[in-house]
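Only one structure is covered here, and it is reproduced in the block below.
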Amino acid sequence: MRRATAELIVKDPNKFAHHDRVFLNNPVVMQGMGLAPLVVLATSGQNAVMLAVAVALLLVPSRVLACLLSRLVPLHDEDPAPETLQKKLLPRALVYGFSTAVVYLAVYPILNMLFSTSLLSLGIYLPLLTVEPLLTYRFGRVQETVRKAVSKGLRITVGYALLLVLLGCVREWLAAGTMFGVVVSRPVLPMASMPAGGFIVLGVLCAVWRALAQKRKAYLTKEARNLVDVHSQKEADREQ
């Protein structure tokens, strides 16, 4: 662990964890975003991979495009006045929705080329990704920079895709006893392939994930404090 990272963790561990969109602050586990595709469609490893690729192709480009277009109606203040919000939220919402729809039109031929007719199993939930809060929730926030849009978009994509594939594989194994179509055991919980079963499995995974994230956060905080103390002691020894 670098000293700068250790000092950041010691200064504000919650802020450090907030920026980790993969594990410590996964958008699904910690904020409940993107649940519909997870519980309805992520019933197998293959479906999960298709969804993960779709999100990967949609999220960062749409975020960057919206970041550029939303500068036409910028929102600079963290806590703007109600009058300002009334004037700017609707056009910003339209900008973000439009940008995601435009990117989707460009991405769909790529997905069709990669997955062909298998893509039909995703049904209407694939185009509904264009209005998924995971992609569009940012319109009411302050203006992002392009660099931040790319960086944050990539981290959210990795975190969401990781949970997608994990949930899809677990549900496929529980419901059919297979993993990407390969038989590994007998079916354990057939209802795991249904949306109700998806909520149950997702809830269990989120509970385990949160517990592990808390332990990881505590471990990082402890290690960071030890590292900062060591560097402080070394500097004190040098001064003497």
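Note on the range 9-26: residues that are among the basic types (K, R) and over 11 Å from K152 (Cβ atoms) amount to 2.
Looking only at residues in the range 103-123 that are in contact with a Pro (Cβ under 9 Å, 6 or more places away or on another chain) and β-branched (V, I, T), which one is farthest from L134 (Cα to Cα)? First the steps, then the outcome.
Our first condition is that a residue be in contact with a Pro (Cβ under 9 Å, 6 or more places away or on another chain); within the range 103-123, this holds for 103-104, 106-108, 122.
With β-branched (V, I, T) added as a condition, the list becomes 103, 107.
Values: V103: 15, V107: 17 Å.
It comes out as V107.
For the range 166-193, filtered to residues that are surrounded by 16 or more Cβ atoms within 10 Å (Cβ to Cβ) and not in a helix (DSSP H, G or I), the residue that is modelled with the highest pLDDT is T178. Among residues of the range 89-125 being touching a residue at least 40 places away in the same chain (Cβ under 8 Å) and aromatic (F, W, Y), the one that is farthest from E144 (Cα to Cα) is F115. Could we say that G32 is closer than 20 Å to G198 by Cα and exposed (fewer than 15 other Cβ atoms within 10 Å of the Cβ) here? For G32, the condition - closer than 20 Å to G198 by Cα and exposed (fewer than 15 other Cβ atoms within 10 Å of the Cβ) - is met. Here the range 70-104 is the region considered, the condition is being part of a helix (DSSP H, G or I), crowded, with 17+ Cβ neighbours inside 10 Å and of a type outside the set (G, A, S), and the residue that is modelled with the lowest pLDDT is K88. Here V184 does not qualify as out of contact with any Phe, Trp or Tyr (no Cβ under 7 Å at 6 or more places or on another chain) and of a type in the set (V, I, T).
The values are calculated or read from the model by the stated rules, or taken from the named source; none is laboratory data. Please read all numbers here as calculations on a predicted model, not as lab measurements. When we count neighbours, we look across all protein chains shown, and the Cβ atoms used for this are built from the backbone with ideal geometry, even at glycine.
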